[in-house]
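Presented below is the structure to which this report refers.
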């Protein structure tokens with residue numbers, strides 16, 4: 001068991017890029033190993049790191065890997081701007097700075113003994129994948145696992161091979177949909193909230209964890225509430241501009257909450273009244 | 001100046017309704033106006049009415065967390081705005097913004113809901129008409145989604 | 001108001017601990033502090049305003065000057081006496097020193113395919129003495145302490161500049177028209193957080209200061225000065241001057257239920273009213289003694305082998321403050337003004353247990369269009385619809 005040194009939350013630690021794999025035309029998964037083996041890689045599902053590309057910039061990226069693996073950190077990054085472009089174009093063997101992990105993660109402990117409903121849209125599946133790993137590796141500790149995932153089109157879906165594998169796990173249901181099916185897609189075509197009716201949710205036993213575009217999350221929450229889930233059993237991951245990740249720069253404030261330290265995962269009850277406040 | 005009775009009796013949406021039901025509609029109706037740019041209703045608000053647009057255009061919008069709102073559809077003169085008043089949890093799912101100065105007739109959905117429960121014949125007439133509107137909008141939405149202008153490879 | 005005045009009378013310490021320092025001894029006080037190794041900083045007159053700068057001697061202080069402040073207006077005027085501290089607060093606050101506007105966090109160099117962080121040892125710095133800290137400013141320092149030192153993480157830069165700062169507080173004996181510390185419960189009487197506290201007395205009995213120590217190192221300085229014990233009368237004179245400053249205040253915020261007021265009025269038409277006036281120039285956040293927002297900038301050289309990370313003040317009034325991929329969340333001036341005021345007066349309480357506002361009035365004085373936060377609260381309470389400013 002490697003010794004985890006006290007990390008300075010302000011300083012990036014150098015991590016080596018071990019692998020860069022393409023998930024979709026604009027999204028890549030990076031596997032990073034700490035250069036100094038005493039640097040820890042432990043994290044809670046739902047937490048994020050600040051990834052630094054030398055001389056370019058630093059960004060908050062959710063950790064999308066297996067929390068049981070302590071020798072590496074895995075991130076799925078969508079290239080949308082200069083800093084993300086720089087990250088996804090890192091060569092194997094180059095160094096990326098990592099600060100963290102930061103934030104409040106998914107309630108994997110309180111969900112023990114209950115059905116876990118994972119609902120993701122687009123890149124939102126990335127911060128939820130560690131939850132799926134955790135539940136599947138500790139199968140007896142959880143009830144049913146339902147994975148509901150949607151993307152714009154088949155080639156925009158993440159982790160397709162894993163989704164197929166997960167569908168064969170015990171007591172696990174995987175439902176996938178796309179907005180545009182294209183010519184060879186044989187699965188659902190439609191929006192994520194409409195898949196919920198196929199999930200045979202037992203509202204009293206379920207804990208839902210939702211991540212995706214805000215519009216999608218609002219509709220999903222309405223659908224979940226319509227199926228009888230309480231706001232204390234629905235969790236969502238929010239996103240805002242982040243510069244420091246330690247609650248000092250003020251950028252990530254969402255109402256009274258600092259997304260970097262009070263989130264990014266919130267109980268629906270905490271943020272429900274904020275979701276419909278525009279330009280908050 | 002047209003009276004509410006005249007407007008409702010003449011409107012295609014209410015065509016074929018027997019006299020008693022038409023009177024009922026009139027008793028639940030009122031004239032309303034919205035200045036351009038104001039919101040008729042917002043996502044999350046309680047949905048207790050629907051509107052018959054007489055003048056102007058209404059934009060149905062969704063708000064992502066950044067940018068300006070996305071207009072998903074516009075409702076014009078002679079069209080009906082709003083069906084969430086009919087279905088639990090009676091909450092608007094979209095914003096409706098007056099894109100121009102809008103004049104409309106507002107109908108009291110809360111009152112109508114009760115009357116429809118009491119009188120299923122009335123209920124059927126109302127649902128038949130709304131089902132038609134929803135069918136038309138759904139077809140249109142599917143057509144919008146198909147993105148007919150895209151270059152297919 | 002009377003409860004406040006009673007508190008003012010109880011304000012500073014018991015008579016036994018108070019001393020009288022002649023005004024001609026103020027220079028010796030400055031020198032005594034400097035001899036202990038502190039760099040004294042305090043109010044000076046520069047460019048038509050009273051701003052904080054290095055103080056070498058009493059000559060650097062704006063003796064005989066006063067200020068007139070109104071929404072969007074600040075003027076200096078000569079006094080008809082020689083008071084050293086006869087003015088309220090200027091555009092700067094002590095955060096100029098404790099939370100510097102531009103700081104290099106660290107530098108790094110690329111080496112082979114990896115990188116190394118350099119220059120990260122903390123450099124010992126000359127500790128500073130803040131001369132002339134007012135009650136609202138001490139309250140603001142306490143507010144920033146809570147944010148930057150006492151939450152989940154500790155800001156080492158703020159810690160370094162703040163810890164060890166020697167504080168000479170000055171009790172206000174007059175208020176500016178924009179002051180409202182009484183309604184915010186932060187002044188004008190000073191109640192703690194200082195090494196020494198002065199109250200300037202200038203009347204027929206002479207020009208002198210009531211002085212008391214708040215810490216052992218403050219007492220050490222006092223020992224080096226020619227002081228005589230204060231009398232009951234001195235104590236009453238000083239309390240009366242502070243009371244007068246309190247009574248002079250014309251502005252106030254009624255903070256009862258302020259959180260509900262702001263949270264429940266997210267769509268209040270008053271926001272449109274203020275948005276029509278607000279230039280989003282960010283002056284208010286620059287002069288506010290509790291605003292702490294910063295941003296990070298990466299700088300690298302032409303070779304790309306050397307990079308630095310800098311931190312600088314930022315403001316929620318900028319367009320890019322709330323930018324996430326694709327666009328900003330708060331694009332309208334309305335959303336940005338609402339964010340600032342709601343955070344300052346309401347969300348801050350949820351986050352840190354106190355208001356973020358100390359009633360110093362700087363945001364009112366230094367707003368180029370004279371937006372008055374106390375008026376905005378009042379307007380919202382009175383449920384004004386599109387009222388005139």
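Where a number appears in this text, it was derived from the coordinates with a stated rule and is not lab data. Small disclaimer: the values here were computed from a predicted structure and weren't measured. Cβ atoms come from the backbone with ideal geometry, glycine included; neighbour counts cover every protein chain shown.
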### Task
Tally the DSSP beta bridges in segment A:195-268 and give the antiparallel ones as a percent, rounded to 5.
60 percent
## Note on the structure
So for segment A:56-131, using the alpha carbon gyration tensor with a ≥ b ≥ c as root eigenvalues (a/c under 1.5 gives rounded; past that, a/b versus b/c decides prolate or oblate), I'd call it prolate
### Message
Taking the number of other C-beta atoms within 10 Å as the exposure measure, put A:36, A:26 in order starting with the fewest.
### Response
A:36, A:26
### Label zone at residue C:77, where the point sits 7 Å out along the Cα-to-Cβ direction: segment C:31-68 residues whose backbone N lies under 14 Å
C:65-68
### Query
Using the alpha-carbon atoms, what tilt in degrees (0 to 90, nearest 10) does helix B:120-145 show relative to the longest principal axis of chain B?
10 degrees
### Message
Please rank C:200, C:382, fewest neighbouring Cβ atoms within 10 Å first, as an exposure proxy.
### Response
C:382, C:200
### Task
Please give the calculated 222 nm ellipticity per residue for chain A, where each DSSP H segment of at least 4 residues contributes -39500 (n - 2.57) and the sum is spread over every residue; nearest 500 deg cm²/dmol?
-4500 deg cm²/dmol
### Burial ordering of B:61, C:17, fewest other beta-carbon atoms within 10 Å first
C:17, B:61
#### Entry: chain A: antiparallel DSSP beta bridges as a percent of all, rounded to 5
60 percent
### Task
Note the angle between two axes, namely the Cα long axis of helix A:214-226 and the longest principal axis of the Cα atoms of chain A, as a number of degrees from 0 to 90, rounded to the nearest 10.
40 degrees
### Task
Within 10 Å of each Cβ in peptide A:255-264, how many partner chain Cβ atoms are there on average? Round it to a whole number, please.
3
## Note on the structure
If one compares the long axis through the Cα atoms of helix B:109-118 with the longest principal axis of the Cα atoms of chain B, the angle in degrees, nearest 10, works out at 50 degrees
### Query
Counting each DSSP H run of 4 or more residues in chain C as -39500 (n - 2.57), what helix-only mean residue ellipticity at 222 nm follows after dividing by all residues, to the nearest 500 deg cm²/dmol?
-8500 deg cm²/dmol
### Query
Once you sort the root eigenvalues of the Cα gyration tensor of the protein assembly as shown as a ≥ b ≥ c, which label holds: rounded (a/c under 1.5), prolate (a/b larger than b/c) or oblate (the other case)?
oblate
